[in-house]
Amino acid sequence: MATASELGRGLLALDWGTSSFRLTVINDAGKERQQLHSDRGIAQISQQQLLPYLLEQIAALPEDLQALPVIICGMAGSTIGLQDVPYHTCPADPQQLANALAPLDGCELNASIVPGLSARNPDNNNRELEVMRGEETQIVGWLAQASEKERQSSWLCLPGTHAKWVEIKQGRVQGFRTAMTGELYALLRKHSVLVQGEQTFSDKAFASGLAAKGESLSFDLFSTRTRVLDQRLSPQHSAAYLSGLLIGSEIRALSGTLKSEAGNFTTVHLIGDQHITDLYCRGLAQQDIQSHQYDGAALAVKGLRQLYLQSNKHD
C-alpha cells in the first residue's frame, strides 16, 4: 500500500450514489492506488448514519491516508444525502462546477461536494426541469480527455437507471434529457405479466426488440407477452426482448436530435458500465449511428480529480 509521501498531494474521490459507495484513493498524478466499494448506497442507509458510515470507511484506510482531502459526487449532495447542495444551472463548464463545490459541514473532514446540474428542456415550450447528480463528474472526466473537435460539439449518452442524453457545446454542458429506460425495465421485469420465469439473455431476442417499430411504446410493450403466446419468442428470452424494445424506443425518440446541420448522424459517446453501453452501442448501430464507449467509473474518478484541481481548494 502506498504511503502519503508516495501519494504526494493525493485525494479521496467518492462517488456515492443511490445504490453504491465507491471510494478511490488517487495520487497527484491521477493514478488509482486503492478502492473501497460497497452496496451501501444513500438509499440503503438512514440519513443520520451517512456521515458515521463515511467516517468509518475513511478510518479503515491506513493512518497516513486518512487526512487526504475528500471530494464527493452523487446522491450524497441530495435532500436525502449528507447535505443538500443546490444544482448548478446549465449551460455549465467544469470550471463553474469546480467553483461551486460545497464544503461538507458538521465534521472535521476536509471534504467538498459536487453540486450536480439542472437544465430546462425546451421541447414543446414546456421547459420541463431536468436534473442529474453524479453523471456530471463523468462528463467532466470525458471532457478532460476529449479532442478539441469533440469538446466543441458532441452528444453523450450515460445509460443506466435514468439515462442521460447530454449536449456538449464549446466545452460546456449545454443541456440534457432524461429517459427512465432502466427503471422501466426493472419495474416491468419484476412487476408485470410481460416477463415470467427464469431468464437468459438472447442476442436474437434483444435484436428483435430493437427492430420492433410500433406506433407507441405503451402499445408495443404488450408484444413482449403476445410473442410468447404465439411462440415467436421463447419465454426465457422475454427480458432480453423487453430490453431491446425499451432501448430501441429511447434511441428512436432522440434520433432526430442527433442529426447535424448537414443532416448526418453525429457520433454518440457512451459512458457507463460495459454491459449496458454494449447494448446501447447495438441499439445505435441499428439506427446507423456510430458510437464510442467509455468506462463510467474511471471517468467519474478522473472528473472528481479534475474538479478538485480546478477548485480554489487545491493550492
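Values in this text are rule-based calculations from the coordinates and carry no lab data. For clarity, every value in this text was computed on a predicted model and none was experimentally measured. Ideal geometry is used to build each Cβ from the backbone, glycine not excepted, and the neighbour counts take in all protein chains shown.
Given +1 at the Cβ of Lys and Arg, -1 at the Cβ of Asp and Glu and no other charges, the dipole of segment 63-206 around its Cα centre is 620 debye to the nearest 20.
Angle check, please: helix 47-59 long axis (alpha carbons) against the longest principal axis of the chain (alpha carbons), in degrees 0 to 90, nearest 10. Its long axis makes an angle of about 60 degrees.
Viscosity 1.567 mPa s, temperature 4 °C: what is the translational diffusion coefficient of segment 210-315 from Stokes-Einstein with a Kirkwood Rh over Cα pairs, rounded to a whole number of µm²/s? Write down the numbers at each step before the final one.
Numbers: Rh = 16.3 Å.
The calculation lands on 80 µm²/s.
Protection proxy ranking of 29-37, 52-60, by the mean of other Cβ atoms within 10 Å over each peptide's residues and highest first, is 52-60, 29-37. Here the gap between residue 217 and residue 95, fully extended at 0.36 nm per residue and compared with their Cα-Cα distance, gives a gain of 39.9 nm. The fraction of all Cα pairs in segment 125-194 landing in successive 5 Å bins from 0 to the largest distance is 4, 15, 23, 19, 15, 11, 7, 4, 2, 0, given as whole percents. Ordered from longest to shortest, the equivalent ellipsoid semi-axes for segment 129-269 are 33, 16, 12 Å, each the square root of 5 times a Cα gyration tensor eigenvalue. Which log10 I(q)/I(0) values does segment 204-247 give at q = 0.18, 0.24, 0.30 Å⁻¹ under the Debye formula, counting every alpha carbon as one identical point scatterer? Cα-only, vacuum Debye calculation for segment 204-247: -0.40, -0.72, -1.11.
Can you pull the semi-axes for segment 236-276, root of five times each eigenvalue of the Cα gyration tensor, sorted largest first, whole Å?
Square roots of five times the eigenvalues give 26, 14, 6 Å.
Seen against the Cα atoms of the chain and their longest principal axis, helix 296-310 is set at about 40 degrees. Taking only Cα atoms and a 10 Å spring cutoff, compute GNM fluctuations for the chain and point out the largest among 106, 296, 171. Sorting by GNM fluctuation, first place goes to 106. Within straight-line reach of residue 302, meaning a Cα separation under 23 Å, sit the following lysines at least 8 residues removed in sequence or on another chain: 31, 149, 164, 169, 313.
Stokes-Einstein diffusion for the chain, with the hydrodynamic radius set to the Kirkwood value over Cα pairs and evaluated at 10 °C in a medium of 1.306 mPa s, equals 76 µm²/s. With Cα atoms as the point set, the radius of gyration and Dmax of segment 63-140 evaluate to 14.4, 55 Å.
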